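K.L.:
Just dropping this structure here.
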Protein chains: 2
Amino acid sequence: MLYDPFKSHFLFLILSFSLCVSQTLALNSVPEPDASALTYLWPLPSEFTSGNRTLSVDPDLSLAVAGIGGNSAIVRAAFDRYRAIIFKHTSGISIFSRFTGRSSVYDINKLKIIVNSDNEELQLGVDESYTLFVSKNDGKSIIGEATIEANTVYGALRGLETFSQLCSFDYGTKSVLVYKAPWCIWDKPRFAFRGLLLDTSRHYFPIYVIKQIIESMSYAKLNVFHWHIIDEESFPLEVPAYPKLWKGSYTKWERYTVEDAYEIVNFAKARGINVMAEIDIPGHAESWGTGYPDLWPSTSCREPLDVTKNFTFDVISGILTDMRKIFPFELFHLGGDEVNTDCWSSTPHVKQWLQDRNMTAKDAYKYFVLKAQEIAISKNWTPVNWEETFNSFAENLNPRTVVHNWLGAGVCPKAVAKGFKCIFSNQGFWYLDHLDVPWNEVYTAEPLEGINETSKQELVLGGEVCMWGETADTSDVQQTIWPRAAAAAERMWSRRDAISTGNITLTALPRLQYFRCLLNRRGVQAAPVTNKYARRPPTGAGSCYEQ
Amino acid sequence: MLYDPFKSHFLFLILSFSLCVSQTLALNSVPEPDASALTYLWPLPSEFTSGNRTLSVDPDLSLAVAGIGGNSAIVRAAFDRYRAIIFKHTSGISIFSRFTGRSSVYDINKLKIIVNSDNEELQLGVDESYTLFVSKNDGKSIIGEATIEANTVYGALRGLETFSQLCSFDYGTKSVLVYKAPWCIWDKPRFAFRGLLLDTSRHYFPIYVIKQIIESMSYAKLNVFHWHIIDEESFPLEVPAYPKLWKGSYTKWERYTVEDAYEIVNFAKARGINVMAEIDIPGHAESWGTGYPDLWPSTSCREPLDVTKNFTFDVISGILTDMRKIFPFELFHLGGDEVNTDCWSSTPHVKQWLQDRNMTAKDAYKYFVLKAQEIAISKNWTPVNWEETFNSFAENLNPRTVVHNWLGAGVCPKAVAKGFKCIFSNQGFWYLDHLDVPWNEVYTAEPLEGINETSKQELVLGGEVCMWGETADTSDVQQTIWPRAAAAAERMWSRRDAISTGNITLTALPRLQYFRCLLNRRGVQAAPVTNKYARRPPTGAGSCYEQ
């Protein structure tokens, strides 16, 4: 379905497009106060037209569903969430208006959501396209009022987000207005994989906070939550097959149960977000040995995991079996980065094992990664590995491997040239813990840089911003993620040509500042956009829209 | 009612106390794993005993109400909120347990809340006392299970918070447990006024964020939200009598409607928190003149408000009339700090007015403050003023004035010596924007310092931590407030003798770190406790409980 979203709606599209154009042309040409040259939607939709009419939205906005997938619990729950967001200010006012007899006639009373499939499986490449029309129902239009049409519920979710961004509270009339109507939007993402990594090992994040982060991802239309669950510092997740593993958590209160993980997956799914779990092996795994010291080469040399023992691979297999029940997403991240093999070379029994097999430590690294890939594939997973695996032994990697770039530029071009899929996370731009990268450098980093053939471009699944946890905890994670993650989100969602021309200080910055304030209004602690260092407090008093 | 909470429950108290003691003594003396020497409740209750039994809490915990005030919407809504907090982890588990037949027998199935008055008026000195008993219902006890008794719904809210802090999720049994039961707690605040100031003029805070802050205040049992609404930078509030005033907002989106303000007051009331509004006059009011330039001495010299015009006082009176409808709290803050009268001395028509009346600029400052006090009192308000008014003309201040200390030590002793009530906010300790004040200096600052006579001590209403907004916006306000505001909250709630002895690094710090992690779990961005500067990120990976 990917990249061909509208095939079944061609007639509808033509019809509604001509209606949009005719409505737009028919409008009074006096500019409304909010008729700005910029379109304050983030990320920018693929195609859209707007007019110059201002419409009011009924605080009792109702939902009408259609299509075989319309009557979905996911759609209904999302409508309720967005209604709460759209009418944050007006909860008390509609009642007040009724009593005082103030304006009770609204232009938009109903949002119609049409979903053309009842398949709610959420996988890589799921159709997220949607069309959104917002116009006054004057009895003549066949579209009427506000309508979202999508092929899947996940497209409908993206349309709801866009609709919510069209709605703004007007303090003069105390009502929610849509400026520049009629709106006709045809939208779809550029990349299928638009991720955010969260590291819950360097710092533990309570499940409530993880949910806040996932919720905020949906506002920017990000769609993969890369859960870097475990690392050398702590092992917070319950693994029923090996119940001592989470003894490696910081404290007994800094843990995730299996049920917590399920809940996070379901919470994310309801927002059209897949959860890609990671176990980073064989390096970055010291915490595993707290519960099972046999996983360490020795008690004094604890990383990488002991490559010599069957037990090591039994544990990996056990973890993957348990995780397979929790994480339905087809991609699973096996890490594989920054493997320092000194412990293998220096620990007598490992050294002997290498000698017996005539293997170098580097050979053993390859052996380990490939064996783990086999286990993952046997459990019906597509393995993702950090780029070191590709850089070290590309020719041996399973061809299904997704190469996850991080060290620098030029890796995805090499990976796709060899036929591998790739995810772009160049640390110079998309590592959110690099606080000195300004929003514009995040914004202009391009996952397809250096890849010109269409067939190779299609192997780039997308990209991911990475929120490593050394100095990020509950107190500061959201303002480290936002607003810069939004800059990457537009890069990954919007048409490359539409966001790569012109002066972005004029075309993107005011829109990003607006989106940052939108996040703030929704309770997300997005930081000022233009500070020299990310997540720093504002330098003085001032408007959210200018900081 | 203040400070005499238990008068009507003497018999109940004696009876339950003896039960507590006998239950405690009857217990098995093998220490439970969580039998720490410290009591992880914040702020520390007035009196309590605990045992060494561990009790499980039913995820379907039900509410039973009694007393003429028990059947209150405030109590029911609070119970629902706290149930969501207590069972954050277990929402999916109780169902799971039922299917698998795992432990379905819990020690505590019901929380009984007894409220002995149906008067829900929330004013200064409202009875916030409560008793809380948590014990296993073995058929013999007349208390049984978990019981909160309070004289008002607001006492019941405080008891619910304490109950929620006794409940902790155990990852081993995947259930909510109460350690060290039975618990017998008799609690009441030391001070009637325990405030937090938020400045919504230097930065605008969305109403959702203000609600988050108010909600978090209730976790630390703070009870006054001092809303410093307007300052020289912006005028965000709607004033129906003078509708151009909010033209002084930063943008048309950074405003509060009258309905927003109502909603904040009601939200706070449901959490037992009063809203004390402030208009800071005659200084700190430049933004007033954006809508009404006549309020400025001249367009080139804009502060303080023009003392010469009736219009100035008409506007003040109009604001106070409109605000009186919104803010039921008896205290209203009239500011009065940092008044630089240069504009009065240099603007010709003001200078002339002063000469005509043989007044100095300082006389005019006094004239302005006293006139504003009269207006406030005429509208049935008790005026609060920053200490400069007291420092400058104590003998003229209305005797009902509450003096709000901020500049330094020694002001409350002087104010109460002259019979004024006082609020303690010594900036050296309780100004949260002073980022270099560590938690322990916040903790040990004592509102009664230098006041030894009981009759004078009673004039100290309490204290307030102040979150000025120059560098605080939505992105960083919560981690600037927390955890230091909690240090002050315990100072104001708990018995002075109980928190002023011993080594606070051993008695308070681990408890504050625990409370900080509790805030994090509830989604509040409380910062690490022991960083040298407040609100700084963690310096490296680690457990929440040690940072």
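K.L.:
Choose one of A:Pro510, A:Ala485, A:Thr454: the residue whose Cα lies farthest towards the positive end of the charge dipole of segment A:397-547 (beta-carbon charges +1 Lys, Arg; -1 Asp, Glu; about the Cα centre).
P.N.:
After comparing all options, I get A:Thr454.
K.L.:
What are the distances, in nm and sorted shortest first, from the label point of B:Ser345 to the label points of the same position in each other copy, with each label point placed 7 Å from Cα along the Cα-to-Cβ direction?
P.N.:
Going from nearest to farthest copy, the values are 7.7 nm.
K.L.:
Tell me, in nm to one decimal, what length is gained between A:Asp294 and A:Arg495 on full extension, where the rule is 0.36 nm per residue of separation less the Cα-Cα distance?
P.N.:
This chain segment gains 67.3 nm when fully extended.
K.L.:
Still on this structure, please answer the following. Using a 10 Å cut-off on Cβ atoms, rank the peptides B:111-119, B:354-362 from the highest mean neighbour count down.
P.N.:
Descending mean neighbour count gives B:111-119, B:354-362.
K.L.:
Can you give the relative contact order of chain A as a percent, counting alpha carbon pairs under 8 Å and 6+ residues apart?
P.N.:
Across chain A, relative contact order equals 13 percent.
K.L.:
Expressed in nm to one decimal, what extension gain is obtained for the pair B:Asp363 and B:Glu47 from 0.36 nm per residue of sequence separation less their Cα-Cα distance?
P.N.:
Length difference between fully extended and current span is 108.7 nm.
K.L.:
What does the convex hull of the Cα atoms come to per residue for chain B, in Å³?
P.N.:
Measuring per residue, one finds 157 Å³ for the Cα hull of chain B.
K.L.:
Could you check how much of the accessible area of the protein assembly as shown is carbon and sulfur, as a whole percent, using a 1.4 Å probe?
P.N.:
The computed percentage sits at 52.
K.L.:
Further question: Count the net charge of all other residues whose Cβ sits under 11 Å from the Cβ of B:Ala415, scoring Lys and Arg as +1 and Asp and Glu as -1.
P.N.:
+3
K.L.:
Let's see if you can work this out: charge +1 on each Lys and Arg Cβ, -1 on each Asp and Glu Cβ, no other charges. What is the dipole magnitude of segment B:358-427 about its Cα centre, in debye to the nearest 20?
P.N.:
140 debye
K.L.:
Could you quickly flag the chain A residue whose beta carbon comes closest to the rotation axis taking A to B, and that distance in whole angstrom?
P.N.:
A:Gln525, 3
K.L.:
Could I ask something else about it? Using the crude model of +1 on Lys and Arg Cβ and -1 on Asp and Glu Cβ, and no other charge, please compute the dipole size for chain B relative to its Cα centre, in debye to 20.
P.N.:
With only Lys, Arg, Asp and Glu charged at Cβ, the dipole is about 1320 debye.
K.L.:
While we're on this one: How large is the charge dipole for segment B:203-346, taken about the Cα centre, if only the Cβ atoms of Lys, Arg (+1) and Asp, Glu (-1) carry charge, to the nearest 20 debye?
P.N.:
For segment B:203-346, the charge dipole is close to 540 debye.
K.L.:
Let me ask something else. Where does helix B:207-219 land angle-wise versus the long Cα axis of chain B, in degrees 0 to 90, nearest 10?
P.N.:
50 degrees
K.L.:
Apply the Karplus parameterisation 6.51 cos²θ - 1.76 cosθ + 1.60, with θ equal to phi minus 60°, to every residue of segment B:82-88 and state each ³J(HN,Hα) to the nearest whole Hz, in sequence, with x for glycine and proline.
P.N.:
Per residue, the Karplus-derived 3J(HN,Hα) values read 6, 5, 4, 5, 5, 10, 3 Hz.
K.L.:
Taking the C-alpha atoms of the protein assembly as shown, how large are the radius of gyration and the largest Cα-Cα span, Dmax, in Å?
P.N.:
31.1, 106
K.L.:
Let me ask something else about it. If the label for A:Ser300 sits 7 angstrom from Cα along the Cα-to-Cβ line, what are its distances to the same label in every other copy, in nm to one decimal, shortest first?
P.N.:
Counterpart label points of A:Ser300 in the remaining copies fall at 8.1 nm.
K.L.:
Which whole number gives the average count of other chain Cβ atoms within 10 Å of the Cβ atoms across peptide B:224-233?
P.N.:
Mean number of neighbouring Cβ atoms from other chains: 1.
K.L.:
Still on this structure: Stokes-Einstein D for segment A:154-233 at 37 °C, 0.692 mPa s, Kirkwood Rh over Cα pairs, in µm²/s?
P.N.:
Reported coefficient: 214 µm²/s.
K.L.:
Rounding to the nearest 10 and keeping the result within 0 to 90°, find how far the Cα-based axis of helix A:361-378 lies from the longest principal axis of chain A.
P.N.:
50 degrees
K.L.:
Another question about this same structure. Binning every alpha carbon pair distance of segment A:264-351 at 10 Å from zero, what are the percents per bin?
P.N.:
It works out to 17, 42, 25, 13, 3, 0, in whole percents.
K.L.:
Need one number: % antiparallel among DSSP beta bridges in chain A, to the nearest 5.
P.N.:
Bridges in chain A are about 35 percent antiparallel.
K.L.:
Under 1.5 on a/c is rounded, so check that first for segment B:106-204, then, if it is not, pick prolate when a/b is larger than b/c and oblate when it is not; a ≥ b ≥ c are the square roots of the alpha carbon gyration tensor eigenvalues.
P.N.:
oblate
K.L.:
Something else now. Counting only helical runs of four or more DSSP H residues, what would the 222 nm mean residue ellipticity of chain A come to if each run contributes -39,500 (n - 2.57) and the total is spread over all its residues?
P.N.:
Here the helix-only value at 222 nm equals -10000 deg cm²/dmol.
K.L.:
Something else now. Can you give me the orientation-averaged projected area of the convex hull built on the Cα atoms of segment A:215-314, in nm²?
P.N.:
Taking the Cα atoms of segment A:215-314, their convex hull projects to 6.9 nm² on average.
K.L.:
May I pose another question? In degrees from 0 to 90, rounded to the nearest 10, what is the angle of the helix B:10-26 Cα long axis to the longest principal axis of chain B?
P.N.:
50 degrees
K.L.:
So, one more: I need the phi-derived Karplus couplings for segment A:37-44: 6.51 cos²θ - 1.76 cosθ + 1.60, θ = phi - 60°, integer Hz, Gly and Pro marked x.
P.N.:
5, 8, 9, 7, 10, 9, x, 4
K.L.:
A:Asp170's amide H: which non-local residues (gap 5+, or another chain) put their own amide H closer than 5 Å, with H modeled 1.01 Å from N in plane and none for Pro or chain starts?
P.N.:
A:Ser175, A:Val176, A:Leu177
K.L.:
Could you compute the net charge surrounding B:Gly542? Neighbours are other residues with a C-beta less than 11 Å from the C-beta of B:Gly542; K and R count +1, D and E count -1.
P.N.:
-4
K.L.:
I want to check the label-to-label distance for B:Ile68 and B:Asn340. Put each point 7 Å from Cα in the C-beta direction and report it in nm to one decimal.
P.N.:
5.7 nm
K.L.:
Here's another thing I want to ask about it. Which one of A:Ile377, A:Pro293, A:Met276 has its Cα pushed farthest toward the positive end of the charge dipole of segment A:257-403, where Lys and Arg give +1 and Asp and Glu give -1 at the Cβ?
P.N.:
Among A:Ile377, A:Pro293, A:Met276, the one farthest towards the positive end of the dipole of segment A:257-403 is A:Ile377.
K.L.:
Over segment A:141-199, with a single point scatterer placed on each C-alpha, what log10 of the ratio I(q)/I(0) does the Debye formula yield at q = 0.12, 0.13, 0.14, 0.23 1/Å?
P.N.:
The Cα Debye sum returns log10 ratios of -0.43, -0.49, -0.56, -1.05.
K.L.:
Kindly give the distances from A:Glu374 to its copy-mates, label point to label point, with each label point 7 Å from Cα along Cα→Cβ, as nm values to one decimal ordered shortest first.
P.N.:
Nearest to farthest, the other copies are at 9.4 nm.
K.L.:
By per-residue mean of other Cβ atoms within 10 Å, what is the highest-first order of B:186-197, A:429-440, A:72-83, A:448-459?
P.N.:
Per-residue mean Cβ counts within 10 Å order the peptides as B:186-197, A:429-440, A:72-83, A:448-459.
K.L.:
Got a sec to turn the phi values of segment A:354-359 into Karplus ³J(HN,Hα) couplings, 6.51 cos²θ - 1.76 cosθ + 1.60 with θ = phi - 60°, whole Hz, x for Gly and Pro?
P.N.:
Calculated HN-Hα couplings, in order: 5, 4, 4, 9, 6, 10 Hz.
K.L.:
At each listed q (0.24, 0.26, 0.28 Å⁻¹), what is the log10 of I(q)/I(0) that the Debye formula gives for segment A:465-513 modelled as equal alpha-carbon point scatterers?
P.N.:
-0.89, -0.97, -1.05
K.L.:
Specify which residue in the list A:Leu237, A:Ile264, A:Ala220 is farthest towards the positive end of the charge dipole of segment A:219-272, using unit charges on the beta carbon of Lys, Arg (+1) and Asp, Glu (-1), about the Cα centre.
P.N.:
Farthest towards the positive end: A:Ala220.
K.L.:
Quick query: amide H of A:Val384 versus all other amide H atoms, modeled in the peptide plane; which residues come in under 5 Å with a sequence gap of 5 or more or a different chain?
P.N.:
Placed amide hydrogens put A:Phe332, A:His333, A:Leu334, A:Val402 under 5 Å from A:Val384.
K.L.:
Now for a separate question. Out of all DSSP beta bridges in the protein assembly as shown, what portion is antiparallel? Express it as a percent rounded to 5.
P.N.:
35 percent
K.L.:
Taking amide H positions as placed 1.01 Å from N in the peptide plane, with prolines and chain starts having none, which residues 5 or more places from A:Leu63, or on another chain, fall under 5 Å of its amide H?
P.N.:
For A:Leu63, whose amide H was placed from the backbone, the distant partners under 5 Å are A:Leu111.
K.L.:
Report, as an integer, the average count of C-beta atoms from other chains found within 10 Å of each Cβ along B:167-176.
P.N.:
What the average comes to for B:167-176 is 3.
K.L.:
Add +1 for every Lys or Arg and -1 for every Asp or Glu among the other residues with Cβ under 10 Å from the Cβ of B:Ile74, and state the total.
P.N.:
So the environment of B:Ile74 carries a net charge of +2.
K.L.:
For segment B:454-547, what does the alpha-carbon gyration tensor say about shape, rounded, prolate or oblate, given a ≥ b ≥ c as the root eigenvalues, a/c under 1.5 as rounded, and a/b over b/c as prolate?
P.N.:
Taking the square roots of the gyration eigenvalues as a ≥ b ≥ c, segment B:454-547 is oblate.
K.L.:
Now, a different point. Direction-averaged shadow area of the convex hull around the Cα atoms of segment B:191-241, nm²?
P.N.:
Result: 4.5 nm².
K.L.:
Within 10 Å of each Cβ of A:514-526, how many other protein chain Cβ atoms are there on average?
P.N.:
5
The values are calculated or read from the model by the stated rules, or taken from the named source; none is laboratory data. Note that the structure is predicted; figures quoted are calculated from it, not measured. Neighbour counts run over all protein chains shown; Cβ positions are idealised from the backbone, glycine included. SASA here: full protein model, heavy atoms, side chains in, ligands and nucleic acids out. Shrake-Rupley method; radii C 1.70, N 1.55, O 1.52, S 1.80 Å.
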